[in-house]
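These notes concern the structure reproduced below.
The values are calculated or read from the model by the stated rules, or taken from the named source; none is laboratory data. All figures in this text were calculated on a predicted structure; none of them were measured in a lab. Virtual Cβ from ideal backbone geometry, glycine too; neighbours counted across all protein chains shown. Protein only, heavy atoms only, side chains kept; ligands, DNA and RNA dropped before computing areas. Shrake-Rupley method; radii C 1.70, N 1.55, O 1.52, S 1.80 Å.
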Amino acid sequence: MAFAGLLQGTPEWLEARRSGIGASDAPIILGMSPYMTAHDLFLEKIGKKRPKKGTVAMDRGNDLETAARSYYELKSGKEFPPETMEDEELPYLRCSLDGRCENEILEIKCPGLKNFVSYRQKGIPSHHNIQVQHQLMVSNAEVCIYWVFSGAYGFEYKIYPDFTLIKKIRELECIFWARVVEKEWRTS
């Protein structure tokens, strides 16, 4: 199923997400997710395990995303409409961008107060960097604006492609997808 151009949140988009590797899958595949293992993701992709339901934090992010995007668009003076994309060479590598404007992409995070303060003081979590590097890889964008929004205030980080990391992400995602296609989990 084609992914590029699908409207985010629709049943077609959800189904297409399951039939490829998205940015939120990247940290799982690299073993950097605090939420899921690569084997659990594999079981989801082959239909042997149901996807986890959304969390309160995920619901918060979804509820605030439009406001966060509007706030950033006002601040930057640019429009960043959401967009879904596929990798030109490997269309099973996909991303659902929170926004895109020419060669910039926008990744929106709307954490609760504790994480908002942590992101401000410590920077972005490493698993989010993997997610963004996947998006930069698929979109070929020059920069990602990582926009952290509290509901009333926001701040940004600019994240540039790390081509060494992107190469590793691509290699590991290709290995993972071969396992999915073969429906055979192996660790080597």
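Assign unit charges at the C-beta atoms only (+1 for Lys and Arg, -1 for Asp and Glu), then state the dipole size of the chain relative to its Cα centre in Debye, rounded to the nearest 20.
Values: 25 positive and 26 negative charges, 176 e Å.
Charge dipole of the chain: 840 debye, to the nearest 20.
For residue 21, what residues show an amide H to amide H distance below 5 Å, using hydrogens built from the backbone and excluding near sequence neighbours?
It is 93, 94, by chain and number.
Give me the percent of accessible area attributable to carbon and sulfur for the chain, probe 1.4 angstrom. Kindly include the intermediate steps, with their values, before the conclusion.
Details: 5570 of 10390 Å².
The nonpolar share, carbon plus sulfur, comes to 54 percent.
Using θ = phi - 60° and the Karplus relation 6.51 cos²θ - 1.76 cosθ + 1.60, list the HN-Hα couplings for the range 144-150 in order, rounded to whole Hz, with x at every Gly or Pro.
10, 8, 8, 9, 9, 10, 8
Considering the options 185, 103, 4, tell which one lies farthest towards the positive end of the dipole of the chain, charges being +1 on Lys and Arg and -1 on Asp and Glu at the Cβ, about the Cα centre.
Checking the options against the dipole of the chain, the answer is 185.
Lysine pairs, Cα distance under 16 Å, 8 or more residues apart or cross-chain: how many in the chain?
Summing the qualifying lysine pairs gives 10.
In what sequence, highest mean first, do 22-28, 132-138, 119-125 appear when ranked by Cβ atoms within 10 angstrom? Walk me through the numbers on the way to the answer.
On the way: 22-28: 23.6, 132-138: 26.3, 119-125: 13.1.
Highest-to-lowest ranking by the protection proxy: 132-138, 22-28, 119-125.
For the chain, what does the accessible surface come to per residue with a 1.4 Å probe? Please give it in Å². The partial results should precede the final answer.
Numbers: 10390 Å² over 188 residues.
Here the residues of the chain average 55 Å² of exposed surface.
Can you list the residues of the range 81-114 with backbone N under 18 Å from a point 7 Å past the Cα of residue 35, pointing along Cα to Cβ?
Only 94-99, 107-114 pass the distance filter.
Enumerate the calculated ³J(HN,Hα) couplings along the range 18-32 in order (Karplus 6.51 cos²θ - 1.76 cosθ + 1.60, θ = phi - 60°), each rounded to whole Hz, writing x wherever the residue is Gly or Pro.
6, 9, x, 10, x, 4, 6, 7, 4, x, 5, 4, 7, x, 10
Counting only residues 5 or more places away or on other chains, whose amide H sits under 5 Å from the amide H of residue 84 once H atoms are built in the peptide plane?
The answer is 5, 6, 97.
Quick check: the angle from helix 126-139's long axis to the longest principal axis of the chain, C-alpha only, nearest 10 degrees?
For helix 126-139, the angle is close to 80 degrees.
Using only the Cα atoms, work out Rg/Rh for the range 89-153, with Rh taken as the Kirkwood radius, to two decimals.
Working: Rg = 12.8 Å, Rh = 12.7 Å.
Expressed as Rg/Rh, it is 1.01.
If you take the Cα atoms of the chain, find Rg, then find the Kirkwood Rh from the mean of 1/r over all pairs, what is Rg/Rh? Walk me through the numbers before you get to the answer.
Numbers: Rg = 16.1 Å, Rh = 17.0 Å.
On the Cα set of the chain, Rg over Rh gives 0.95.
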